[in-house]
1. What net charge do the residues around VAL114 carry, taking every other residue with its C-beta under 12 Å from that of VAL114, with Lys and Arg at +1 and Asp and Glu at -1?
2. Give the Cα extents of the stretch 1-135 along the principal axes, in whole Å, largest first.
3. Using a 1.4 angstrom probe on the protein heavy atoms only, could you order TRP239, TRP175 from most to least accessible area?
4. Could you please report the charge total around SER89, scoring K, R as +1 and D, E as -1 over all other residues with beta-carbon less than 13 angstrom from its beta-carbon?
5. What angle, in degrees between 0 and 90 and rounded to the nearest 10, separates the Cα long axis of helix 183-203 from the longest principal axis of the Cα atoms of the chain?
6. Could you work out [θ]222 nm for the chain from helices alone, using -39500 (n - 2.57) per DSSP H run of at least four and dividing by all its residues? Round to the nearest 500 deg cm²/dmol.
7. Using every alpha carbon pair in the stretch 31-111, what percent of pairs falls into each 5 Å bin from 0 up to the bin containing the largest distance?
8. Taking a quarter of the surface of the convex hull around the Cα atoms of the stretch 10-73, what do you get in nm²?
Amino acid sequence: MADTVGIIGAGHLIRHMIPALAKGPERFVISERGRETSSDLARRFGCAIEADNQAILDESDIVILAVRPYDTLALAEGLRFRQGQAVVSLAAGVSHADLAPRVAPASLDVAMPVVAAEFGESPTLLYPGEPRVRALIERCGPVVVLAGEAQFAPGAVHACVYGWIERLIAEMEAWSLDHGLAPETSRLLSAQMVRAAATVARERKDTTMADLVGELATPRSFTGAGIRRLDGQEVFGHWRRAMDHTLDRLKAGSAE
């Protein structure tokens, strides 16, 4: 008999995960919180809706906690989990060490997917990697199981950078439109160039990133001229400092 997956919290991220998760045999029960999203998912994917969080837990084999980070610990303390249940938290900045005692005796994983899960393209951090949870999350894209919790916060910064890359694509698209390219061409070129670069970086594992860049940014190349301009304005230094700042906020458990 297939497992039941209970989802507490029906917000933006869950809306993009369910299209991938629902491809499996499990039954899905979603909390009524986020009524517009839960109703849409029920209509499109046959998910059941339940108003009471404890009722969701009582009928679920796997539980996804998808509420706001600052609500997660208090919510978990008010619920009764059971032995053999697998819980996965999507709350950024809420550590495994802090949350695990509150969901005991259930097991706990922490995960960090992005909205590309809808298309099976989310590189999802997972710790420690309970087999049922991993099998479920793999429908959203490649799962990166971490060796220790200390790696989770630096890894989670990349989930934030995902949004920055979307902003970069938006800037590329806007520049292209300003210079006369058609809207559909501007979007496709901007997005596909980022994807093409990412594909080469992923697949050519035996070549360092410095060498990959060096192959393109030769001294008299236009690519090299652009990179020298960016370096001169400390663009990449600012990018790294933004990553440092985001890591500090994740460790502090607050985006403010």
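The values are calculated or read from the model by the stated rules, or taken from the named source; none is laboratory data. Fair warning: this is a prediction, and the values are worked out from it, not measured in the lab. Methodologically, a virtual Cβ is constructed for each residue, glycine included, from the backbone with ideal geometry; neighbour enumeration extends over all protein chains shown. What goes into the accessible areas is simple: the full protein's heavy atoms, side chains included, and nothing from ligands, DNA or RNA. Shrake-Rupley method; radii C 1.70, N 1.55, O 1.52, S 1.80 Å.
1. Values: positive: none; negative: GLU118, GLU121, GLU166.
With Lys, Arg at +1 and Asp, Glu at -1, the neighbours total -3.
2. Each principal axis gives a Cα extent; for the stretch 1-135 these are 35, 32, 31 Å.
3. On the way: TRP239 85, TRP175 150 Å².
So the residues, ranked largest to smallest area, are TRP175, TRP239.
4. -3
5. 80
6. Values: 11 runs with 136 residues, N = 256.
Dividing the helical sum by the residues of the chain leaves -16500 deg cm²/dmol.
7. Computed distribution, short to long bins: 3, 15, 25, 25, 18, 10, 3, 0.
8. On the way: hull surface 17.2 nm².
Dividing the Cα hull surface by four gives the mean projection, 4.3 nm².
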